[in-house]
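**Q** Got a structure for you, written out below as structure tokens; questions coming shortly.
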Amino acid sequence: MRALDWQRKIYLNGFAGITPAIPPDFSQLEQAASRRLSPEAVAYIMGGAGHEQTIHANRKGFDRWKLVPRMLRNVENPDLSVELFGQKLATPIVLAPIGVLEMAHPDADLAVAKAATQLRIPFIFSNQASVSMEECSAVMGDHLRWFQLYWSRSRELVASFVHRAEACGCGAIVLTLDTTMLGWRTRDLALGYLPFLHGKGLAQYTSDPVFQQLLDDFIKQSPATTRPSITSTTLQHLLGAIRRYPRGSFIDKLRSGRAIGAVSLFSSIYTNPTITWDDLSFLRQQTRLPIVLKGIVHPDDARKAIDYGMDGLIVSNHGGRQVDGTISTIEALPGVVDAVKGRLPVLLDSGIRGGADVVKALALGARAVCLGRPYVYGLALGGQAGVETVLQHVLADLELTLCLSGHKSVAELAPDSLRAA
Ligand SMILES: Cc1cc2nc3c(=O)[nH]c(=O)nc-3n(C[C@H](O)[C@H](O)[C@H](O)COP(=O)(O)O)c2cc1C
């Protein structure tokens, strides 16, 4: 729906006494979601690394840039479309990969996949999704989706994920580089809570034939690890993990140790701090899909990505969840854009909260942005409909900010649309 229609709908509803259930303002959205979520989900979704300085920097970074609106330019019905990897996107927004969405809502990734399809926004399936890529693809028809990959300790598993992504119609592989181990996430640590240990966010693994094979071997080799000693709390958590494991009856899962084994195996292979640039050639050999590196903030790394034959970059600091005290992504963007000199598209995430943020990122050279936490809050508050409402709010805000600052298309955005504060 175009911005003015969405805006009119909200005001007409208000005239009838109905105000939006999903707040258009990000702070209110976040507060409403935090009231709905469990303490563990609040910590996992809203929290960041260390003192959370990077989360704050991501927002402050946008404040350093100001729009300078231009007048009398006929800005009716602007063109929001952009081109990425030979595909035309209706808008410059993509949904960032977010793991463990079942913590926000039981419909999890499926609700987001449906909302993305409705709103014609591409969805990046997370490696840590709660619903497998095949199930999500099945509800998306031929709508655009990509797959985000973590490089695990098993190259066979890496290859299997990539081949499955190709088979279920993903249009690109997004390799996340900033999570070769988990950051020091103080809120999660304070609760001693990691969702994966409870069997959450493992759907891409439990649905994978290579992972199942690895699990057979793992159970044979290490029965002790798969049958931990039982206290009342571990029993409660183990039962939860067993319930969540998708295959077999409860009794079979309990007897075979498969559900608990899957969690243990996952923990031992999920990240791989040994990877280097040279490993990228393995990924390149596995697929002809575009490969997008997520987590690039240094211009030299951007140049290296070109040398290693990569197809795109996402300037990201993982929403401040990995390294405390880093450069904000909007600060990093101009250096990266300058380094690649148009040879590959650059996207940006971390801190996108509204239309002005998107406009600023595009003006500084991003081809598109990835939206993260805001859509998770919409999911928490209203499932698929909640995600759709958040996306409508952001798209309307983007369209109005673009027009009212004097642009008839996102292609017109350039650094001179902005002034540094
Ligand atoms: C709860 C949560 C889970 C995430 N899971 C993943 C993931 O599985 N893979 C990934 O590449 N990035 C993941 N991210 C990072 C996002 O893709 C994105 O970089 C980040 O959300 C951007 O920051 P913002 O949401 O504050 O704008 C996650 C972020 C959050 C908040």
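The values are calculated or read from the model by the stated rules, or taken from the named source; none is laboratory data. Small disclaimer: the values here were computed from a predicted structure and weren't measured. Positions of Cβ are generated from backbone atoms using ideal geometry, with glycine treated the same way; all protein chains shown enter the neighbour counts. Note: accessible area is taken over every heavy atom of the protein model, side chains too, but ligands, DNA and RNA are not part of it. Shrake-Rupley method; radii C 1.70, N 1.55, O 1.52, S 1.80 Å.
**Q** How do 91, 186 rank by accessible surface area computed with a 1.4 Å probe, from largest to smallest?
**A** 186, 91
**Q** Give the long-range amide H neighbours of residue 314: residues separated by 5 or more places, or on another chain, with amide H under 5 Å away, using H modelled in the peptide plane at 1.01 Å from N.
**A** Under 5 Å from the amide H of residue 314 lie the amide H atoms of 293, 294, 295, 296, 347, each far enough along the sequence or on another chain.
**Q** Could you work out the relative contact order of the chain? I mean the mean sequence separation of Cα pairs under 8 Å and 6+ apart, divided by the number of residues, in percent.
**A** 27 percent
**Q** While we're on this one: What are the ³J(HN,Hα) couplings of region 52-60, residue after residue, when phi is run through the Karplus curve with 6.51, -1.76, 1.60 and θ = phi - 60°? Round to Hz, x for glycine and proline.
**A** Each residue's phi maps through the Karplus curve to give 6, 5, 5, 4, 5, 4, 4, 6, 4 Hz.
**Q** Working with all protein chains in place, sort 15, 147 by solvent-accessible area computed with a 1.4 Å probe, largest first.
**A** So the residues, ranked largest to smallest area, are 15, 147.
**Q** What are the semi-axes of the equivalent ellipsoid for region 188-269, taken as the square roots of 5 times the Cα gyration tensor eigenvalues, largest first, in whole Å?
**A** Listed largest to smallest, the semi-axes of region 188-269 are 19, 15, 13 Å.
**Q** Hey, another quick one. Taking only the Cα atoms of the chain, how large is their convex hull per residue, in Å³?
**A** In the chain, the Cα hull volume divided by residue count equals 145 Å³.
**Q** Over all distinct Cα pairs, what is the inverse of the mean 1/r for region 3-88, reported as the Kirkwood hydrodynamic radius in Å?
**A** 17.6 Å
**Q** Take the alpha carbon atoms of region 127-206, find their center, do the same for region 234-297, and report the distance between the two centers in whole angstrom.
**A** 8 Å
**Q** Could you please put 120, 288 in sequence from largest to smallest accessible area, using a 1.4 Å probe?
**A** Listed by decreasing accessible area, they come as 288, 120.
**Q** So if I take the centroid of the Cα atoms in region 342-365 and the same for region 31-83, what is the distance between those two points in Å?
**A** First find each Cα centre; the distance between them is then 11 Å.
**Q** Where Lys and Arg each count +1 and Asp and Glu each count -1, what net charge lies around residue 55 among other residues with Cβ under 12 Å from its Cβ?
**A** That works out to +4.
**Q** Hey, what does the equivalent ellipsoid look like for region 217-375, semi-axes from the Cα gyration tensor as sqrt of 5 times each eigenvalue, largest first, whole Å?
**A** Each semi-axis is the square root of five times an eigenvalue, giving 41, 20, 14 Å.
**Q** On to the next question. Could you pull the accessible area for residue 275 with a 1.4 Å probe, rounded to 10 Å²?
**A** 40 Å²
**Q** List, largest first, the extents of the alpha carbons of region 304-387 along their principal axes, each in whole Å.
**A** Extents along the principal axes, in whole Å: 44, 26, 24.
**Q** Could you run the Debye sum over the Cα atoms of region 113-201, one equal point scatterer each and no solvent, and tell me log10 of I(q)/I(0) at q = 0.20, 0.21, 0.24 Å⁻¹, two decimals?
**A** -0.99, -1.05, -1.19
**Q** Also, I was wondering about something else. Taking 0.36 nm per intervening residue step and subtracting the Cα-Cα distance, what contour gain separates residue 64 from residue 301 on full extension?
**A** 82.9 nm
**Q** Same structure, new question: Taking the Cα-to-Cβ direction at residue 191 and at residue 18 and moving 7 Å from each Cα, how far apart do the two end points lie in nm?
**A** Roughly 3.3 nm, to one decimal.
**Q** Here's a follow-up. Sorted from largest to smallest, which semi-axis lengths in Å does the alpha carbon gyration tensor of region 2-158 give for its equivalent ellipsoid, taking the root of 5 times each eigenvalue?
**A** In descending order, the three semi-axes are 29, 23, 20 Å.
**Q** How much length is gained on full extension from residue 35 to residue 247, taking 0.36 nm per residue of separation minus their Cα-Cα distance?
**A** 73.0 nm
**Q** As a test question: what accessible area, to the nearest 10 Å², does residue 298 have when a 1.4 Å probe is rolled over all protein chains in place?
**A** 90 Å²
**Q** Next up: Sticking with the crude label model, points 7 Å out along Cα→Cβ, report the distance from residue 182 to residue 159 in nm, one decimal please.
**A** 3.0 nm
**Q** Which net charge results for the neighbourhood of residue 308, defined as the other residues with beta-carbon distances under 12 angstrom from its beta-carbon, given Lys and Arg at +1 and Asp and Glu at -1?
**A** For residues surrounding residue 308, the net value is -2.
**Q** Okay, next question. Computed FRET efficiency, Cβ-Cβ of residue 213 and residue 256, R0 25 Å: what is it to the nearest 0.05?
**A** About 0.95, to the nearest 0.05.
**Q** I need the phi-derived Karplus couplings for region 371-377: 6.51 cos²θ - 1.76 cosθ + 1.60, θ = phi - 60°, integer Hz, Gly and Pro marked x.
**A** Going residue by residue, I get 8, x, 3, x, 6, 5, 5 Hz, with x marking Gly and Pro.
**Q** List the pairs from 9/294; 9/114; 114/294; 88/200; 341/408 whose alpha-carbon separation is above 28 Å, in the order I gave them.
**A** Exceeds cut-off: 9/294; 88/200.
**Q** Moving to a separate point now. Just to check I understand the Karplus step: with θ = phi - 60° and J = 6.51 cos²θ - 1.76 cosθ + 1.60, what whole-Hz values come out for region 329-336, glycine and proline as x?
**A** 6, 5, 6, 6, 4, x, x, 5
**Q** Let me ask another. For residue 74 and residue 282, what is the calculated FRET efficiency with R₀ set at 56 Å and r taken between the beta-carbons, to the nearest 0.05?
**A** 0.65
**Q** Would you mind getting the Kirkwood hydrodynamic radius of region 81-157 from its Cα pairs, rounded to one decimal in Å?
**A** Taking the inverse mean of 1/r over all distinct Cα pairs, region 81-157 comes out at 13.1 Å.
**Q** Tell me the relative contact order for region 154-277 as a rounded percent, counting alpha carbon contacts under 8 Å between residues six or more apart.
**A** 34 percent
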